[in-house]
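Please read the structure below before turning to the comments.
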Amino acid sequence: GGGVGALATPLVLLVLPGPTALSLTLPILLSCDLMTLRHFNKEWDKPAVRALAPWMGGGLLVGLWLLILLARQGGAGDLWIRFVAGTVVVVLAAIGAFFGKSRPAKRPHAGIAAATGLVCGITTMVAHAAGVLLNLYLLARRPTPQSFVGTSTRMYLTFNFIKLPLFALATPLAG
């Protein structure tokens, strides 16, 4: 389910207003996460989740603030949401292409976890596109394939569920 958000959100943004597109793609992402986790629910990297989760939570709040700020701009805000979402997808795809083949000699330290978690939280809130960066972080930890899928899916599912009330909260706060 991790790559679905990076592709689905920009495509839906072509035909729907930004906030609507982000809200409508979230149930699709949750469905993908639930289906994947059913098969990879036993093996996951608990220390990675503990290192990233608080920072991703903070990033969600920053992303919520950014969405509210943009939505208050009216039609121009919708264009900015589309621009930000598109830019996030392009930049993260470039990062994935550039760094995806390199394998660091050691596991990422706490500062990398903090930066990764914060950026992932923001990008998942504004574009459902944290997958590339999250995957690079997890792959640097050299997981087994099952642990990689189990950990990434658990992170996607958890934070996509957290986004549900945040998106509901964004609408009245943007008004």
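The values are calculated or read from the model by the stated rules, or taken from the named source; none is laboratory data. Predicted model, so just to flag it, every value in this text is computed and none were measured. Here the Cβ is made from the backbone with ideal geometry for all residues, glycine too, and neighbour counts use every protein chain on show. Ligands, DNA and RNA are stripped out before the accessible areas are found, and what is left, the full protein with its side chains, is counted by its heavy atoms. Shrake-Rupley method; radii C 1.70, N 1.55, O 1.52, S 1.80 Å.
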Residue 32: accessible area at probe 1.4 Å, nearest 10 Å²? 40 Å²
Net charge dipole size for the chain [Lys, Arg +1 and Asp, Glu -1 on Cβ; Debye, nearest 20]: 600 debye
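Given the Cα-Cα distance of residue 146 and residue 49 and 0.36 nm per residue of separation, how much length would full extension add, in nm?
Values: separation 97, 0.36 × 97 = 34.92 nm, distance 1.51 nm.
Length difference between fully extended and current span is 33.4 nm.
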Compute the acute angle (0 to 90°) between the alpha-carbon long axis of helix 110-127 and the principal axis of greatest extent of the alpha-carbon atoms of the chain; round to the nearest 10°. 40 degrees
Among 83, 148, 98, what's the order by accessible area (1.4 angstrom probe), most exposed first? 98, 83, 148
Ordering 35, 125 by how much accessible area each has at a 1.4 Å probe, largest first, what is the list? 35, 125
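With the other protein chains left in place, how much accessible area per residue, in square angstrom, belongs to the chain at a 1.4 angstrom probe?
Details: 8960 Å² over 175 residues.
Solvent-accessible surface per residue comes out at 51 Å².
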Enter the accessible area of residue 78 (Å², nearest 10), with the probe set to 1.4 Å and all protein chains included. 30 Å²
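Roll a 1.4 angstrom probe over the protein heavy atoms and tell me the percent of accessible area of segment 129-175 that is carbon or sulfur. Walk me through the numbers before you get to the answer.
Numbers: 1420 of 1930 Å².
Carbon and sulfur atoms account for 74 percent of the accessible area of segment 129-175.
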How big, in percent, is the set of alpha carbon pairs in segment 38-161 lying more than 26 Å apart? 22 percent
Report residue 154's accessible area, 1.4 Å probe, all protein chains in place, as a number in Å² to the nearest 10. 50 Å²
Where does each of 55, 44 land when they are ordered by accessible area, with a 1.4 Å probe and the largest first? 55, 44
For the residue pair residue 99 and residue 73, what label-to-label distance in nm results when each label sits 7 Å from Cα along the Cα-to-beta-carbon direction? 2.6 nm
Would you mind checking the tilt of helix 145-174 against the longest principal axis of the Cα atoms of the chain, expressed as 0 to 90 degrees and rounded to 10? 20 degrees
In bins 10 Å wide, starting from 0, what share of all Cα pairs of segment 1-100 does each bin hold, as a percent? 13, 35, 39, 12, 1
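What 222 nm value per residue comes from the helices of the chain, counting each DSSP H run with n ≥ 4 as -39,500 (n - 2.57) and dividing by all residues, nearest 500 deg cm²/dmol? Intermediate results must be reported in sequence, preceding the final value.
Values: 7 runs with 141 residues, N = 175.
Mean residue ellipticity, 222 nm, calculated: -28000 deg cm²/dmol.
For residue 138, what charge total do you get from the other residues with a beta carbon under 11 Å from its beta carbon, if Lys and Arg give +1 and Asp and Glu give -1? Can you show the working numbers first?
Numbers: positive: 107, 141, 142, 154; negative: 45.
Summing Lys/Arg as +1 and Asp/Glu as -1 gives +3.
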